[in-house]
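Peer 1: Got a structure for you, written out below as structure tokens; questions coming shortly.
The values are calculated or read from the model by the stated rules, or taken from the named source; none is laboratory data. These numbers come from a predicted model, not from an experiment. Every residue, glycine as well, gets a Cβ built from its backbone with ideal geometry; the counts of neighbours run over all protein chains shown.
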Amino acid sequence: MSDEFMFKHQEILKMQKILFSLFMIAFMFVGINAQDVDPDKRGYIVKVGDKAADFELVLANEEGTKVTLEDMKGKVIMLQFTASWCGVCRKEMPFIEEEIWQLHKDKDFVLIGVDRDEPLEKVQQLAEQTGVTYPLALDPGAEVFQLFATKKSGVTRNVIINPEGEIVYLTRLFEREEFDEMKEVINELIEENEKGKNGKKSKKKKLKKGKKAKKHNKS
């Protein structure tokens with residue numbers, strides 16, 4: 001073998017060792033971070049006050065519309081984690097439809113039922129069988145679910161996110177008292193958000209009037 005060939009071979013081996021070392025460091029870093037997040041008693045790995053991690057969902061509609069958390073910022077967001085095989089979810093969904101969605105669907109409010117790791121046909125059947133009209137979305141591999149809870153934890157849970165992207169309320173299972181408290185939180189958030197937007201609009205109107213008055217005085 002020529003010296004040139006041996007030199008190239010050695011360089012390739014060095015590069016492979018470097019790449020392997022970088023891979024192992026990255027793997028260890030991810031593992032350490034995952035171990036640092038201890039789930040609470042309900043299986044959540046997030047808490048109230050945390051910034052929600054950005055995510056992308058594909059809605060279970062004909063268009064396959066994609067939505068991200070970033071797209072929804074500025075609105076009150078409710079993520080309802082569900083599955084067709086979950087009896088508690090099926091029990092809760094009609095209450096969400098009637099007592100939350102029908103009241104707020106025309107406001108700055110986003111409600112998405114996030115179906116855990118099921119095909120489109122199953123998700124569409126779930127909507128028909130439960131009679132809900134709010135949008136459902138696919139969550140292959142429960143990837144979005146795992147941003148909020150451990151993969152092994154139960155499905156039935158709701159996550160409420162404020163217009164700034166902060167988690168403000170978390171539920172588990174379907175308990176009437178907790179459900180009603182969640183409704184109050186949603187109502188308050190929507191009211192505060194609407195007041196804030198109306199306040200900004202009135203300020204803009206005043207500024208416009210002030211500018212017009214200045215122009216009129218100059219003329």
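Peer 1: Scan the range 172-184 for residues that are more than 16 Å from ALA83 (Cβ to Cβ) and not in a loop (DSSP other than H, G, I, E, B) and report the count. Break it down into steps so the answer makes sense when it comes.
Peer 2: Start the filter on the range 172-184 by keeping residues that are more than 16 Å from ALA83 (Cβ to Cβ), which leaves 175-184.
Now restrict to residues that are not in a loop (DSSP other than H, G, I, E, B): 176-184.
Counting residues in the range 172-184 that are more than 16 Å from ALA83 (Cβ to Cβ) and not in a loop (DSSP other than H, G, I, E, B) gives 9.
Peer 1: Of all residues being part of a loop (DSSP other than H, G, I, E, B) and of a type in the set (Ser, Thr, Tyr) in the range 105-159, which is surrounded by the fewest Cβ atoms within 10 Å (Cβ to Cβ)? Just the residue, please.
Peer 2: THR133
Peer 1: Tell me the residue from LYS66, LYS75, LYS122 that is without any contact (Cβ under 8 Å) to a residue 12 or more places away in the chain and not acidic (Asp, Glu), please.
Peer 2: On the way: LYS75 fails: without any contact (Cβ under 8 Å) to a residue 12 or more places away in the chain; LYS122 fails: without any contact (Cβ under 8 Å) to a residue 12 or more places away in the chain.
Going through LYS66, LYS75, LYS122 in turn, just one is without any contact (Cβ under 8 Å) to a residue 12 or more places away in the chain and not acidic (Asp, Glu): LYS66.
Peer 1: Hey, among GLN102, GLN10, which residue is loosely packed, with under 14 Cβ neighbours inside 10 Å, at pLDDT 95 or above and in a helix (DSSP H, G or I)? Before you say what the answer is, go through the steps one by one.
Peer 2: Values: GLN10 fails: at pLDDT 95 or above.
The match here is GLN102.
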